[in-house]
Structure formats: C-alpha cells, structure tokens
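Below you'll find the structure, written out as structure tokens, and then a few comments.
The numbers here are math on the coordinates, done by the rules we state, and not lab data. Everything quoted here is computed from the prediction, not taken from an experiment. Neighbour counts run over all protein chains shown; Cβ positions are idealised from the backbone, glycine included.
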Amino acid sequence: MTLAPGHPPSRMLGGIGLAIAATACFATLDTTTKFISASVPLAMALWCRYFFQSIATSLAVLPSRGLSVLRTANPRYQCLRGVLLLMSSMFAFFSLQHMPVGEVTAIVMISPLVITVLAATVLREKVSLLRWLLVLVGFGGTMMIIRPGASTFSWAALLPLGLVASNAAFQILTSRLARTEDPVTMHFYTGWVGTLLCSVLLPFVWVSDLPWTTWLAMGLIGLMGTVGHFMLILGYGRTPAAILTPYLYAQIGFAMLGSWLVFSHIPDANALIGIGLIVLSGAAGAWLTLREGHIPRPQPPAKPPPQP
C-alpha cells in the first residue's frame, strides 16, 4: 500500500479498520432489512431507520454544539442530499425484497464506475482507456448477476440499478459538500430530512401489532445505519478515498455471509463470477488512482451500498 503524504501509517490503518467495520454494519443492516421487508410497510421501516439515526445524532451532538450544528452555507444541497439517500434506501428496500443480499450489494458497488461515466459525459473530464475498460468489466459483472433474457430474469432485477443511480448522485453531491461543510452537520441533516419525509406517510402505514422480534430488528437497522455511516465518515477523515476504496468491497463478503446464515442462500456460479468482476474492476480503479497520483483529500462519501 502506498502511503499518502501527510497521512501517518497508524492513522491510515485506523481509517481502514473503521471502513471495514462500517461495511460489516451495512451488511447487517441489509440482511435485517430483507428479513423484515415482507412484514413491515416501506415508509414505516424507513421512518424507524432514520428516526433512530436522528435521535442518536441529536443526543450525541446537541449538548456540546447546540443549534450551531444546523449552520450550513448550502441548506438546499443538504436537503437534496437527504432526499437522495432516502431514494437510495427506498430502492434498497424493494431490491432486497426480490433479490439476495450479496447480489444486491455487489451491484451497488458499481457506483464508482457510474461516477466515472458521469465524469466523462456530464463533467467532460478526461477518462483513460484503461478506466473505460474497467467500467465495461464492472458492467459485465452486473449483467451476469441480473442476466437479462434468462428464464429467471424479472423486472425486479432492475431495481438495484435505480439504487446505483441515486447512490452515485448522492456520492457526487457529498464529495462537493465535504469540501466546505462539517461532516457532523451533514450527518445531522441527512437523518432529519429522511425522518421528516417519512413522517408524512407514517399515519397511513403504521402497524402496531408486530412481533417483538420485528421491533428489535427495526431497532437494529437504525443502530447499524447510524454507527456505519459515522464510522465511514471517520474513516474518510483519516485515510484518502483512493486507498480506502478497495477495502469497502469487504461489504460483499459480509453480505454473502449474512445471506447464508439467515436465508441459507449461496450465489450460483454465474453470480459469483459477476461479483468477482465487479470487485476486480472497483479495486483496480482505486489502484489506478493511486498509480496516477490522484489521491483525493479525505472526504466523507456515503455508503456504498446506500442503506435502507
């Protein structure tokens, strides 16, 4: 691993450890979401997830910082960021209803490749031939998981692509805001925007006669989302994104483990090859960034994958 100037090895290793721990939290969140997705209305599940994050963040931050945590130069973009994460959570919820956790997680991991395409087509940035090849490899892996045209294909297999699109937009906006905004303020806004939007629908979807295990699972979703996102923010504050990115693919392994333990699901050969291609393209893209010397300043992007 090539060390970035100005980043002590111990601090960088701490960032890597935080990022891997965050991926374990996100995989637990996704597995639990799939577990309750058939019995809990979408708006109710999302409300519990965001309400938990909002309350936990408020209790941790407001006593020391007061209302100054609300101070931002970009309130509209902070709200837009919250909406984009909520959209990602909605797509994740529906995707997990119809697909295994590991496969959904792997598809979401092509978000950096989508950002590469957007950088070339929308931002008119120069993208090397090798990067374009990595994009093709990653999308090829995605097609091996979705398998359009196969007898097992259904429209639900396209839902993770909506998750990828909203997550890519979320990450781009996050990277822009992170240059000038306080990460704690960003985290605060994200939680409360999602909570308030879900609260509008809550009276129409609330179900009270749920088993205690379901309530416990919804609490676990909120806890894992809160802890995971905060760990990722801290990790990117310690270690440059190009160095940290390959370690984020550990989430696929954790997701496959959770899917096996809870649902006894093991990906078939085609899905495993597709997952391998996605990991290869993503890790190679991060290595290429290091080789080219484009080491970005630390900044707190969201998840990959966004969480419900």
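With charges set only on the Cβ (+1 for Lys and Arg, -1 for Asp and Glu), what does the dipole of the chain come to about its Cα centre, in debye to the nearest 20? Please list the in-between numbers first.
Working: 17 positive and 8 negative charges, 164 e Å.
That gives a dipole near 780 debye.
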Checklist outcome for this item: Thr121 and Ser68 label points (each 7 Å along its Cα→Cβ direction) are spaced in nm at 4.5
Checklist entry - Quick one: Karplus J couplings for the stretch 22-37, per residue in order, coefficients 6.51, -1.76, 1.60, θ = phi - 60°, nearest Hz, x for Gly and Pro? => result 5, 5, 5, 5, 5, 5, 5, 4, 5, 4, 5, 4, 4, 4, 9, 4
Checklist outcome for this item: One finds the C-alpha centres of the stretch 97-112 and the stretch 16-84 to be spaced, in Å, by 20
Item to check | Cα-projected label distance for Ala60 with Phe204, points at 7 Å along beta-carbon direction, nm | outcome: 3.3
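In what sequence, highest mean first, do 205-211, 10-16, 219-225 appear when ranked by Cβ atoms within 10 angstrom? Write out the running numbers ahead of the final one.
Values: 205-211: 9.7, 10-16: 15.9, 219-225: 22.0.
Top of the packing list down: 219-225, 10-16, 205-211.
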Checklist entry - Going highest first, how would you order 176-186, 32-42 by mean Cβ packing within 10 Å? => result 32-42, 176-186
Checklist outcome for this item: Phi-derived 3J(HN,Hα) across the stretch 274-288 with the Karplus relation (6.51, -1.76, 1.60, θ = phi - 60°), rounded Hz, x for Gly and Pro, is x, 4, x, 5, 5, 4, 4, 5, x, 5, 5, x, 5, 4, 5
Item to check | Correct choice for semi-axes √(5λ) of the Cα gyration tensor in Å that was computed from the model, options (i) 35, 19, 19; (ii) 28, 26, 17; (iii) 39, 34, 18 | outcome: (ii)
Checklist entry - Of Ile110, Ile55, Ile278, which has the largest mean-square fluctuation in a 10 Å C-alpha GNM of the chain? => result Ile55
Item to check | Residue-by-residue Karplus 3J(HN,Hα) for the stretch 126-141, coefficients 6.51, -1.76, 1.60, Hz, glycine and proline x | outcome: 7, 10, 5, 4, 4, 5, 4, 5, 5, 4, 5, 4, x, 5, x, x
